[in-house]
Amino acid sequence: MFNRKSLIALSLFGLVAACGGPGENADVPEAAQAGETMKNIGGHVVHFSAQSTDQLSPEIARAHNIVRSKNRAMLTISILREADNASVQGEVSVKTVNLTGQLKNVTMRLVEEPGALYYIGETPVANRETLIFDITIKPDGVDTVSEVRFKRQFYTD
């Protein structure tokens, strides 16, 4: 009736079908479009990103004294001079709020590595919490202050 390969294939198909996926009424978040991750501020380019700290390798987290957790977000900002693509320091401050207007404390600190300078800051996050990051940047040697705004949603479950 069935040869062995057919029986195995049918069994695997049944197993996969039985595992199913989320039901018809399941609350499954849709993937959001990737937002902007850099901005030209006239002579300089600012790169920025936010991610949960559990995505960091244990070695990187340890080297930068960062607690790895899906309930912590890390903001990373770098400033590059357009002329030579070199990392530069500057004044960097961040105001972060969630969608209910709750202020989230993010203190930025400078990280210096061979050939790279960047700023990192951390804050707690809850499941499905969206944070709005308002970044104020003034690269060294520049008189103009620039602002960057972006938002990210975090999933901790």
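The values are calculated or read from the model by the stated rules, or taken from the named source; none is laboratory data. What you see is a predicted model; the values in this text were computed from it and never measured. Cβ placement follows ideal geometry from the backbone for every residue including glycine, while neighbour counts extend to all protein chains displayed.
For this structure, a couple of remarks:
- When the residues of segment 109-139 are filtered to those that are in a loop (DSSP other than H, G, I, E, B) and at pLDDT 95 or above, the one that is nearest to Val46 (Cα to Cα) is Val125.
- Given (1) at pLDDT 95 or above; (2) more than 20 Å from Ala126 (Cβ to Cβ); (3) not basic (Lys, Arg), number of the condition Met74 does not satisfy: (2)
- Annotation: of all residues in segment 36-46 being free of Cβ contacts under 8 Å to residues at least 60 places away in the same chain and not β-branched (Val, Ile, Thr), the one that is farthest from Ile120 (Cα to Cα) is Asn40.
- Hits in segment 49-71 - residues which are free of Cβ contacts under 8 Å to residues at least 12 places away in the same chain and closer than 18 Å to Ala126 by Cα: Gln55
- Counting only residues that are surrounded by 15 or more Cβ atoms within 10 Å (Cβ to Cβ) and not in a loop (DSSP other than H, G, I, E, B), segment 50-71 holds 4 of them.
- Failed criterion for Glu112 (all others in (1) free of Cβ contacts under 8 Å to residues at least 12 places away in the same chain; (2) in contact with a helix residue (DSSP H, G or I) (Cβ under 8 Å, 6 or more places away or on another chain) hold): (2)
- Checked against (1) in contact with a strand residue (DSSP E or B) (Cβ under 6 Å, 6 or more places away or on another chain); (2) among the polar types (S, T, N, Q); (3) at pLDDT below 95, Ser6 passes all but condition (1).
- Criterion: loosely packed, with under 15 Cβ neighbours inside 10 Å, modelled with pLDDT of 50 or more and at positive phi - qualifying residue of Gly35, Gly20, Gly42: Gly42
- Selection status of Ile120, closer than 17 Å to Lys39 by Cβ and not basic (Lys, Arg): no
- Every residue from segment 72-108 that is part of a loop (DSSP other than H, G, I, E, B) and either touching a residue at least 40 places away in the same chain (Cβ under 8 Å) or within 16 Å of Glu129 (Cα to Cα) (or both): Glu82, Ala83, Val88, Gln89, Leu99, Thr100, Gly101, Gln102, Asn105, Val106
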